Structure formats: structure tokens, C-alpha cells
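Worksheet: the structure to be examined is printed underneath.
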Amino acid sequence: MVEVGVPKVSVVVPAYNCGSHIEKLAASLLRQSLPADEFEVIFVDDGSTDGTGKRLDRLAAAHPHIHVLHIENSGWPSRPRNLGIERARGEYVFFADDDDWFADQALERLYDCANTYDADLVIGKMAGHGRGVPRELFRKNRFDATLENAPLIDSLTCHKLFRRSFLNEHGLRFPEGGKRRLEDHSVVVRAYFLSRRTCVLSDYTCYHHAQRGDARNVTAALLEPSGYFESVRDALDIVDANTEPGPLRDRLHRRWLRNEMINRLRGKRLLDVPEDWLEQVALESQKIIQDRFAPGVAAGLPPLQRAVAYLTERGRFADLRRLARWEAGIAGHGRVDEFQVDDRTVTVSVVAELRSADQPIGFRSDNGRDVLVLPVDDIAPEVLDSTAQVRKARLDVVARRRETGDEIFLPVTFRIERVGEPTGTDPVHLVHRATTTIDFGALNGGRTRGSWFLKARITNAGWTEDARLPFLFICRADGAPPRIRDERKIWNMLRSAVGRRIRR
């Protein structure tokens, strides 16, 4: 039971020179279904010089539950967040960024989940706009999630609901003292280990995480490798202090190897960075791989990522560039093979595959193993062994609402076809097939008003790639039958997009 006069939620927002970008967040907070007298918003103006402070003061003057704290510029979100915790009165605290925004029922649903399950920590489903967000974590609701039974480690940003007494009990604060990249990792990882109950709310998109169009948000600049990887080591230290050597530690370590090292050393991302910066990042990554990671860390990665780790550990930086140029051409390709409509229900059959420069990703046979074919020589066959990944490859069909970015995994039946002869000279490649039935009366809990499109999401051998499908489903009212159109001018393109037939 919440004490009288104590808000259910305090939303803490560091703000610095955000100008009009903050309007979307402010508007979303004013639209919350949670009554205004049941939550508060604390904006901490970090010494803005562009009028942001005055803009926030006007907002607070008009709305009693909005407060503004002005401080000298600290240069990073950590101190504003810490001061926000000290100022907060709510039972729970949510940390938001000034260029993101909330869905209308987010705070109410997050608090109800926390209150129902007596949770110290609740992670609401996120939608990404120009930046990545966890996908697998939000496949389903999880009301007793742990690092052992759920992919919590995939979500290390602080955009979550924390019990305030939990933060204070354990002294959970963001590291201060200059620009500390990954400052939220140390807080969130500790919170995962300390939380008595953690919930994941996946049936409603609560938070929209955006990359500002002008790329001026405070963490958008190119990272400084030495300090950045020192923060990685700090996070690894927390994991090591709370686990024993073995599969769990390896799986948690794998998150930093994959996200902070390998993903910076592959594909288009690698080709866009200066050569000297790349060498620094590769050298820092090499040190951590050699000094901190057990063999099981890289061994648990898919083959493409294992290959990048293998080349990095051995200092083969020119081969990393060569591999990146090839991988930059990889994309998912999909088509609709069959399409049926019955009132509010649409059944779609999809065919998809991964290609690089219009050539399918290939696998050769090696003593009964499927081995990924890459354009780089002298990589040990066991590194490229894809047998397990080929067995686990999948094709998802995802519905995305164009207006909001909400994504829904649709239930599918899928199968994989091997094309080619294992004993032939040409590599085998995989064709993915899936069928899904979309009930627009039930999709997204019946909240279907808006325009929806479909994506074929292919996961195989270290890639997860989306291929957008041509149909747009326009729902005028929640749960109503959709109006369907092909965005590529319907009938002429429809015959090439639909392999067999369209039936109504």
C-alpha cells in the first residue's frame, strides 16, 4: 500500500541542450493514464545553454507534478540521475532520456506489474527508433526473471522501473567523475544480482528509445577506446564477483564480447570508422579476450561471430576489414508465397533467405559438419562449424505498427530447406519457409488501430536480418478488419511478389 501523498512513480530525466526534442517526452508524460497526482517527473537540467532550462521551467509552472532541478554542467547523465534519486519521493523510480518517450499506459502498467508481483525491478518492452533494443527478451511476459532463466543480460540500459528503497538499500548509484561510458551497466548488472524479483512486461510497448536525428545526444559521439573498455572491465568484475567459473559466467561475459567488441569489428559499422580508431578498439578487445574470457565464451557464439573473435584474438585486423566488406553486403530477402484473407484474419506464407551480393550464404560439408563459407582463409574449421546453428536457424514473422514502432512476434510454423548437394562442389544454402495467421481482432491485445507491415526476420549462423514484406494492413478502428494494400502499386508488382496465388 502506497502512503498517502507519496507518488507511485518518480520519473527522473537528465536534460542537456535538448531543445524541442524534449517535447515528445513531455507530451507523452502528460498523456499518461496514471493520474497526475500518482506520479512525479524530475527533470535535472545539466547546465543547458540553449534555453532548455527555461522550457522546462515553463512546463513545471503549468503542471504541479513536474519539477526541475538546475545544476552546473557535469557533462554526463550520471550525476543528474543520482541527484534525481535523492530528490525522488516515489515508491518506484524510472530513468528516462530526454529524447525518448513513453506509451500512454506505460507508467500505470509498469507500476501495476511491480505492485502485483512485489518486484524490485520491472523491464517494460521497448521499441527502437534508429537504435537497437532487445528482441528475444520481449518474446513473452516474465514475472520471475533471473540471469539464469531469461536473457536479462541483453538489456543493460537503465530505462527501467526500480523500487526506490531497493536503490537506497544497496547504494545503487551511477558512477560519476567525467564521461563514463556504459555508466548504466554497473548499476543494472548489480541490480540483476541483487533483485529479489525482476519482471519483464512484454505485452505492451512501454518505452520508445530513439537515436536523435541530429546525432547530438550526449552518448552519440565516437567512443574513446581506453576509457570505454575500462568500463567493460568494471562490469565484468561485477559478474565475476557474483558467479563461479562455468556456463553462467561464460554466457554473461558473452554479452560484452558480442555487443561491445565483435559488433564494433564487423560489417558496415567497421567500414565507417577511422583506421587508427579501429586499431585501438581491436587491440583493447584483443586484450580482454586474452585476459578475461574463458574458452567457453567465444565457443558459445554463432560461427560468424566466432570468426570475428578468432581474428581479433590473433591480431588479424586486415582480415577483419576484408570480412567486414563482404558482410556489409548481407541482407535478408523475402517474398510472400501465399496470401489468404477471411474477414479480420490474414494467413501469410513467407519464403526468405540470407544473401551477400545476391549470392546465398553458403555452407560446405566437412566430415558430417556444416561449415560456414567465408571469404577469409586460415580460420580453423571448428570455429566455422555451423551444424548446431543450422539446426536452430529460424524464420520469424514480425508485425510492426508504422506509427509507433510497436513490434509483435507472430505465431509461426516454419521449416528449413537445404538447397544443393552436401557432396557437391557448390556450397549448400538454406531457404526458410514460415506460415502465420494474423487475427486483427486479437493482435496486440486488440489494439490494432493504425498501419501495420510485416517483416520476415531470418536468424542463422550469427546474423539476424529483416526483410520487409510488401503488404500494409490499415486498421481504422481497434480490432476491425484491415484494409490491405500492396505498397508497390498493387497488381503489377503483386504478381511478382506473390509466388503462387492470392485468394480472397
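Worth pointing out:
- Residue list for region 35-52, filter: assigned to a helix (DSSP H, G or I) and open to solvent by 10 Å² or more (accessible area, probe 1.4 Å): ALA36, ASP37, GLU38
- Checked against (1) open to solvent by 10 Å² or more (accessible area, probe 1.4 Å); (2) more than 25 Å from HIS170 (Cβ to Cβ), ASP100 passes all but condition (1).
- Condition check for SER285: surrounded by 18 or more Cβ atoms within 10 Å (Cβ to Cβ) and either touching a residue at least 12 places away in the same chain (Cβ under 8 Å) or among the charged types (D, E, K, R) (or both): yes
- Extreme residue, most open to solvent (accessible area, probe 1.4 Å), among residues of region 6-34 that are part of a loop (DSSP other than H, G, I, E, B) and farther than 16 Å from VAL93 by Cα: ARG31
- The criterion of at least 1 residues that are open to solvent by less than 10 Å² (accessible area, probe 1.4 Å) and either touching an Asp or Glu at 6+ places or on another chain (Cβ under 7 Å) or modelled with pLDDT of 90 or more (or both) is met by the following strands (runs of 3 or more DSSP E) wholly inside region 433-504: 450-460, 463-475.
- Some residue of region 185-199 being under 18 Å from the mean Cα position of the chain (by Cα), under 21 Å from VAL41 (Cβ atoms) and free of Cβ contacts under 8 Å to residues at least 60 places away in the same chain: no
- Residue that is farthest from GLU230 (Cα to Cα), among those in region 263-282 that are part of a helix (DSSP H, G or I) and open to solvent by less than 30 Å² (accessible area, probe 1.4 Å): GLY267
- Condition met for ASP234 (part of a helix (DSSP H, G or I) and either within 23 Å of the chain's Cα centre (by Cα) or at pLDDT 95 or above (or both)): yes
- In region 371-385, residue farthest from ASN460 (Cα to Cα) [restricted to those that are open to solvent by less than 20 Å² (accessible area, probe 1.4 Å) and assigned to a strand (DSSP E or B)]: VAL371
- VAL189 vs. criteria among the β-branched types (Val, Ile, Thr) and modelled with pLDDT of 95 or more: yes
- Counted residues, region 124-154 - those being in contact with a Phe, Trp or Tyr (Cβ under 7 Å, 6 or more places away or on another chain), in a helix (DSSP H, G or I) and under 17 Å from ASP184 (Cα atoms): 1
- Taking every residue in region 63-82 that is touching a residue at least 60 places away in the same chain (Cβ under 8 Å) and pairing it with any residue that is open to solvent by 30 Å² or more (accessible area, probe 1.4 Å) and assigned to a helix (DSSP H, G or I), at least 6 positions away or on another chain, yields no pair with a Cβ-Cβ distance below 9 Å.
- Some residue of region 307-327 being in a helix (DSSP H, G or I), modelled with pLDDT of 95 or more, within 30 Å of GLU224 (Cβ to Cβ) and in contact with a strand residue (DSSP E or B) (Cβ under 8 Å, 6 or more places away or on another chain): yes
- Single residue of region 186-214 satisfying the filter (assigned to a helix (DSSP H, G or I) and open to solvent by less than 10 Å² (accessible area, probe 1.4 Å)) that is nearest to GLY405 (Cα to Cα): VAL188
The values are calculated or read from the model by the stated rules, or taken from the named source; none is laboratory data. As the structure is a computational prediction, the values presented were derived from the model and not from experiment. Using ideal geometry, Cβ is built from the backbone for each residue, glycine included, and neighbour counts are taken over all protein chains shown. Ligands, DNA and RNA are stripped out before the accessible areas are found, and what is left, the full protein with its side chains, is counted by its heavy atoms. Shrake-Rupley method; radii C 1.70, N 1.55, O 1.52, S 1.80 Å.
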